[in-house]
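Have a look at the structure below, then the notes.
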Amino acid sequence: MNQSIIFQSNQLTKIYGNTTALDHVNITIPKGSIYGLVGNNGAGKTTLFKLLAGHIFPTSGNFTLLGAGNESNFTALRKRCGCIIEKPGFFPNMTAKQNLEYYRIQRGIPGKDTVTNCLKLVGLSEASNKRFKAMSLGMKQRLGLALALIGEPELLILDEPINGLDPVGIIEIRNLLLKLNHEKHITILISSHILAELEHIATHYGILSQGKLLEETTAEQLREKCQSYLEVKVMDAHKYAALLESRLHCTNYKILPDNIVHIYGEIKDISSYSHLAVKSGNGLLSFAQKEAAFESYYMELITSKNQAMIPKKGDV
Amino acid sequence: MLNYLKSELYRVFHSSGLYLFIGICSLFALSFNCILWAFDSTTTNFPWATIKYSFSTLDTNMYVVLFLTATLTSIIVVDEFKLRTLTNSVAFGISRTQIYISKLLITLLACFLSLFIIESVFIGSGYLLLDTDNSHALRNLLNATVACIPSFIAGCTAFITMYFISGSIASAIWNWIGFIVGIPMITSVLGLKFQFFEWLDSWLIFSVTASYTFDEQSSSLVYLWSSKEGMLHCLLAGFLGTIVFLIVGILKFRKKAL
């Protein structure tokens, strides 16, 4: 077993009735990484987390967790994981402290100070005697994070952990996760709808759509893909593209709808591109230099892959 | 599993449900004897203010204790599926089998504790307030309790099984009523005509807890557990019921998606 990989799935599939929630997914999470799992609602993120946590069972395929691949070993190995999946569950009439104490005893974690320390870590010291049902959404989310951290896990599985948090809370949790990763080398698998937030912390990404893993990449590789480009809007994009190739020897471009052309790569003389459109009588409608954000890359990826997945007329 | 048991003990004793249940049932038991005593104090020749009458009210209605067992089980188990607290335990690596067995053990502990306290209040208040004639009332009540304990255990196990299969307290309650009460009602009627159903009915826990007849010759109640064979039958019926529900519960819950 490769000790540098904390989780690896092999053709992992989960089908509910007629719906394929996860479709032959192969994910690899390196040890010590912060793996951002990205996808729309219904992409399969929570399904993957539930499979990892043992809440549900795969239809086919398998995975290794912390180096072991047998379901019989997972029971013991899951003790080395901490997770928040969907809304964290606690007993409504017990206080934050009592709830955590319940789980501390359950997990056989020694030291009654553990609960106090965990609450302090997530900023809930002052609310320790508040009943769970009286807590705000943000406080409940923090308590869920405290629960995930209580056993000093090796792998943290966090499904939308910043839901319900205010901006200050988001920054606090982000800094906490980074600290845990850097100082305690905890591997973190995190999903979030807020791509900009993931960009701050993730070292690796997995992009899911309709149950399929579209892409798996490192943060560095993603930065290279999200390169800056020239956006040129003309009257006839195809005519402009032909001129790009013949006059400027540029082949690194993409034609988009509405006669928009994106030009990538190293651009030494920007003005030559605008002059090309004007001099050819193509009609330059707009011209701008842009930085591609993760969001744009993600949307483009999702759109193009989903279009590829739609069967065309005449396809068998 | 020991840690899970300890955590459940912590939860149960830090929640109000068990205390409220014991308090309310004890109050009811005490009130019953107090009312008999009050009636006796204000009426001449009131014949029912005796422990014989008081205790026989319970030992002829042991199925009420069966219902109370199911009620207490629903309080102890808590709707963990709805609260999503069960998922935390599973995610931590506690197996479904361990969860099932632990829940059952804790619930049985709570049930035994409640039974002891409530019955002590009932018996104690009876001896304090009522006429303690030289009858076998206490012995009958204790015999009834011993005979029905396996049925109570089976009733508790049945509820837990139905809860873990259905995933909801409400469904478990209806399923429990259907299985534990509804089926014996059907078998007892069919048993009037068909011997097989009469035999089957005699092994169902609800029928066991509600089985007694009145002997006109001796003017006394005759319970199923009055004889050694009958007592053995009661113990065995409860034991078999427990085993059946335990096996079904564990096997079904092991495969349940949360």
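The values are calculated or read from the model by the stated rules, or taken from the named source; none is laboratory data. Remember, it's a predicted structure, so these values are computed and weren't measured experimentally. Glycine also receives a Cβ, built like all others from the backbone with ideal geometry; neighbour counts cover every protein chain displayed. What goes into the accessible areas is simple: the full protein's heavy atoms, side chains included, and nothing from ligands, DNA or RNA. Shrake-Rupley method; radii C 1.70, N 1.55, O 1.52, S 1.80 Å.
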Residue check, B:Thr87 of a type in the set (Ser, Thr, Tyr) and at pLDDT 90 or above: yes
Hey, A:Arg142 over 19 Å from the mean Cα position of the chain (by Cα), surrounded by 17 or more Cβ atoms within 10 Å (Cβ to Cβ) and not in a loop (DSSP other than H, G, I, E, B) or not: yes
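Starting from residues that are surrounded by fewer than 16 Cβ atoms within 10 Å (Cβ to Cβ) and closer than 14 Å to A:Thr95 by Cα, keep the ones in region A:117-139 and report whichever is nearest to the other protein chains (Cβ to nearest Cβ).
A:Lys133
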When residues of region B:59-116 are limited to those that are buried (at least 20 other Cβ atoms within 10 Å of the Cβ) and among the basic types (Lys, Arg), the one farthest from the chain's Cα centre (by Cα): B:Arg96
Residue in region A:74-81 that is β-branched (Val, Ile, Thr), within 12 Å of another protein chain (Cβ to nearest Cβ), out of contact with any Pro (no Cβ under 9 Å at 6 or more places or on another chain) and surrounded by fewer than 20 Cβ atoms within 10 Å (Cβ to Cβ) present: yes
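Can you work out which of the residues in region A:89-112 that are among the charged types (D, E, K, R) and touching a residue at least 40 places away in the same chain (Cβ under 8 Å) is nearest to the other protein chains (Cβ to nearest Cβ)? Break it down into steps so the answer makes sense when it comes.
To start, the set of residues in region A:89-112 that are among the charged types (D, E, K, R) comprises A:97, A:101, A:104, A:107, A:112.
Filter once more, so that each one left must be touching a residue at least 40 places away in the same chain (Cβ under 8 Å): A:104, A:107.
Values: A:Arg104: 8, A:Arg107: 6 Å.
Ranking the candidates gives A:Arg107 first.
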Identity of the residue in region A:152-166, open to solvent by less than 40 Å² (accessible area, probe 1.4 Å) and in a loop (DSSP other than H, G, I, E, B), that ends up nearest to the other protein chains (Cβ to nearest Cβ): A:Pro153
Near pairs, Cβ below 8 angstrom, 6+ apart or cross-chain, from region A:21-33 (within 27 Å of A:Leu177 (Cα to Cα)) to any residue that is among the acidic types (Asp, Glu): A:Ile27/A:Glu216; A:Thr28/A:Glu216
Pairs with Cβ under 7 Å, 6+ apart, first in region A:169-185 and over 15 Å from A:Thr203 (Cβ atoms), second charged (D, E, K, R) and open to solvent by 20 Å² or more (accessible area, probe 1.4 Å): A:Ile170/A:Glu197
Conditions (1) more than 8 Å from chain B (Cβ to nearest Cβ); (2) at pLDDT below 85: number failed by A:Glu86: (1)
Number of the condition not met by A:Thr203 [criteria: (1) within 21 Å of A:Gly32 (Cα to Cα); (2) touching a Gly at 6+ places or on another chain (Cβ under 9 Å); (3) surrounded by 21 or more Cβ atoms within 10 Å (Cβ to Cβ)]: (3)
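Of the residues B:Ser74, B:Ser54, which single one is of a type in the set (Gly, Ala, Ser), more than 14 Å from every other protein chain (Cβ to nearest Cβ) and in contact with a Leu (Cβ under 9 Å, 6 or more places away or on another chain)?
B:Ser54
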Enumeration of residues in region A:46-69 that are assigned to a loop (DSSP other than H, G, I, E, B), more than 9 Å from every other protein chain (Cβ to nearest Cβ) and hydrophobic (A, V, I, L, M, F, W, C): A:Leu66
Within region B:177-257, helices (runs of 4 or more DSSP H) holding 2 or more residues that are among the aromatic types (Phe, Trp, Tyr) and open to solvent by 50 Å² or more (accessible area, probe 1.4 Å): B:195-202
Condition check for B:Ser15: within 14 Å of chain A (Cβ to nearest Cβ) and not in a helix (DSSP H, G or I): yes
Condition check for A:Glu224: assigned to a helix (DSSP H, G or I) and open to solvent by 60 Å² or more (accessible area, probe 1.4 Å): yes
Some residue of region B:179-202 being more than 23 Å from B:Leu72 (Cβ to Cβ) and within 17 Å of the chain's Cα centre (by Cα): no
